[in-house]
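Below is one structure, written out as structure tokens, with a few remarks after it.
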Amino acid sequence: MKPKVQTTTLVYSGFFELHQDLLEREDGVTHPFTKLILGTNAVVVLAQTKEGRFILNREYRHSPGVTLLGPPGGRLEKDEDPILGGQREFHEETGYWSDDILLIGSSYPFPGICDQKIFYLWAKNAYKRGDQKLDEFEFIETELKTEQEMRDEILLNGSHIDGNLCTALWYKDQFCYNQSPS
């Protein structure tokens, strides 16, 4: 069952929009619902060098106020192809490039409040192709880690990990498992 939207009020408009909807069930009961409209999807790139090292970012994120270890990625342009957008974001944030990049999954990370869908890519055989081209308020240091180093840091109690890294690894593991010969 899908509730009826009685009214929608625009609360804020800027980098995103914040809406307040008044929802109504079939029995007439109403409930206010706040939703965040980002208006664009995003992409996350789990990348490995030819030597098998993962290319990760340590990025300051102001909302939690900490620096997180995570995969490169960012917002897609309106109607931008996820693979092309992923290559763009990957190169801008790390200076690396991959011609061997695959879409391995997608999900809605915050469906209770937000409309954004994230596409997860796996980039193999990545190589250094230039310098980072960061936005003015992006604070990113790129690191190369072995799979064991990365997984050890994820499991370290109190470490600051971007949840997108865990989701990307899960999709990669599922993709590799399903590609294995039976």
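Below, the figures for the structure above:
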quantity	calculated
Condition met for residue 24 (surrounded by fewer than 17 Cβ atoms within 10 Å (Cβ to Cβ) and closer than 28 Å to residue 169 by Cβ)	no
Cross-chain or 6+ apart pairs with Cβ under 8 Å, the range 27-47 first and assigned to a loop (DSSP other than H, G, I, E, B), then basic (Lys, Arg) and surrounded by 15 or more Cβ atoms within 10 Å (Cβ to Cβ)	38/75; 40/75; 41/75; 41/117
Considering residues of the range 26-35 that are of a type in the set (D, E, K, R) and more than 33 Å from the chain's Cα centre (by Cα) only, the residue farthest from residue 6 (Cα to Cα)	27
Some residue of the range 107-117 being over 12 Å from the mean Cα position of the chain (by Cα), surrounded by 18 or more Cβ atoms within 10 Å (Cβ to Cβ) and in the same structural domain as residue 140 (by TED's automatic domain parsing)	no
Inter-residue pairs, beta-carbon under 9 Å, first free of Cβ contacts under 8 Å to residues at least 60 places away in the same chain and in the range 97-110, second surrounded by 12 or more Cβ atoms within 10 Å (Cβ to Cβ) and among the acidic types (Asp, Glu), 6+ apart	108/115
Test: residue in the range 101-121 that is among the small types (Gly, Ala, Ser), at pLDDT 95 or above and within 25 Å of residue 141 (Cβ to Cβ)	no
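The values are calculated or read from the model by the stated rules, or taken from the named source; none is laboratory data. Note that the coordinates shown come from a computational prediction; the quantities given were computed from them, not determined experimentally. With ideal geometry, Cβ positions are generated from the backbone for all residues, glycine too; neighbour counts draw on all protein chains shown.
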